[in-house]
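Structure record follows, encoded as structure tokens.
The values are calculated or read from the model by the stated rules, or taken from the named source; none is laboratory data. The structure presented is a predicted model; accordingly, all values stated were derived computationally and were not measured. Positions of Cβ are backbone-derived with ideal geometry, glycine not excepted, and every protein chain shown enters the neighbour counts.
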Amino acid sequence: MNPSIFRAYSVRGVVGRDLDAADMRALGQALGSAVLEGGGRTVAVGHDVRTHSPALAQALVEGLCAAGAEVLFLGLVPTPVLNFATDLLGADAGVAVTASHNPPDENGLKVRTDRTLLQPDLLALRARAEEGRLRSGRGRIRRETVKETYLGQVCARVRGTPCGLRTVVDAGNGTIGPWARALLERLGCAVTVLHGEPDGTFPHRSPNPLDPGSLAALQEAVRRQGVDLGLAYD
């Protein structure tokens, strides 16, 4: 495995050049082995909207199951929801297959147990995989959904009632689009969503809202509609 893809708190690289399904499978088996050796068993897994994310997530799940872990599969979810689900479901670890705001040809993963795994921890998984210090077992997959619980708990934590707040959201064709609309509407906001359909090719703007020009559509909509708030997501 290319050591350069192991970053400060994530694994990220260009798919097909820096990492592939075999790498994800190996990392999955390494993580599953580490979780089981630590007395755990369950790993929550979710992925983002990138075109290669479903296949990479499947490879990761195969590796986890090969180690004997139980996978709680969330499917397409924002990374904060994966973290929420990891705690809600009592999982021993959580993995998001994502490259966050990086370009569309990149992917990777973020891993957490009771804390986010940092570069030394991630490199230890790489070493475990390459040295063959892996468990073998027959894990299983359980599909889970936490959307209603997540939305309900977020709404319960909002202080005051932002009812009537006029909002424009630029979801950037990321995973967040349907979630942002559902949450803000539940809070009583009037919501316009730009680029709300999840699309891993990111046809309208860069996944990174800080890139030059990425906020142009949002800025124009905020001015034209005279709304109270504009939000851009990566």
Worksheet item: Out of (1) at pLDDT 95 or above; (2) surrounded by fewer than 19 Cβ atoms within 10 Å (Cβ to Cβ); (3) over 23 Å from the mean Cα position of the chain (by Cα), what's the single condition that is false for residue 128?
Response: (2)
Discussion item. Please determine whether any residue of segment 93-105 is part of a helix (DSSP H, G or I) and either surrounded by 19 or more Cβ atoms within 10 Å (Cβ to Cβ) or at pLDDT 95 or above (or both).
Written reply: no
Discussion item. Can you say whether residue 170 is touching a strand residue (DSSP E or B) at 6+ places or on another chain (Cβ under 7 Å) and not assigned by TED's automatic domain parsing to the domain that holds residue 29, as far as the supplied structure shows?
Written reply: yes
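This table checks each residue for (1) in the same structural domain as residue 74 (by TED's automatic domain parsing); (2) among the hydrophobic types (A, V, I, L, M, F, W, C).
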position	(1), (2)
128	yes, no
176	no, yes
194	no, yes
197	no, no
212	no, no
215	no, yes
219	no, no
223	no, no
Discussion item. Report every pair of residues separated by at least 6 positions or lying on different chains whose Cβ atoms are under 8 Å apart, first residue within segment 163-190 and free of Cβ contacts under 8 Å to residues at least 12 places away in the same chain, second buried (at least 16 other Cβ atoms within 10 Å of the Cβ).
Written reply: 185/191
Discussion item. Against the condition out of contact with any Cys (no Cβ under 7 Å at 6 or more places or on another chain), surrounded by fewer than 17 Cβ atoms within 10 Å (Cβ to Cβ) and in a helix (DSSP H, G or I), how does residue 163 come out, does it pass?
Written reply: no
Worksheet item: Pick from 175, 145, 149: which is surrounded by fewer than 15 Cβ atoms within 10 Å (Cβ to Cβ), in contact with a Leu (Cβ under 8 Å, 6 or more places away or on another chain) and within 26 Å of residue 63 (Cα to Cα)?
Response: 145
Discussion item. Please return the ranges of strands (runs of 3 or more DSSP E) entirely within segment 1-84 where 1 or more residues are in the same structural domain as residue 126 (by TED's automatic domain parsing), surrounded by fewer than 24 Cβ atoms within 10 Å (Cβ to Cβ) and of a type in the set (Ser, Thr, Tyr).
Written reply: 42-47
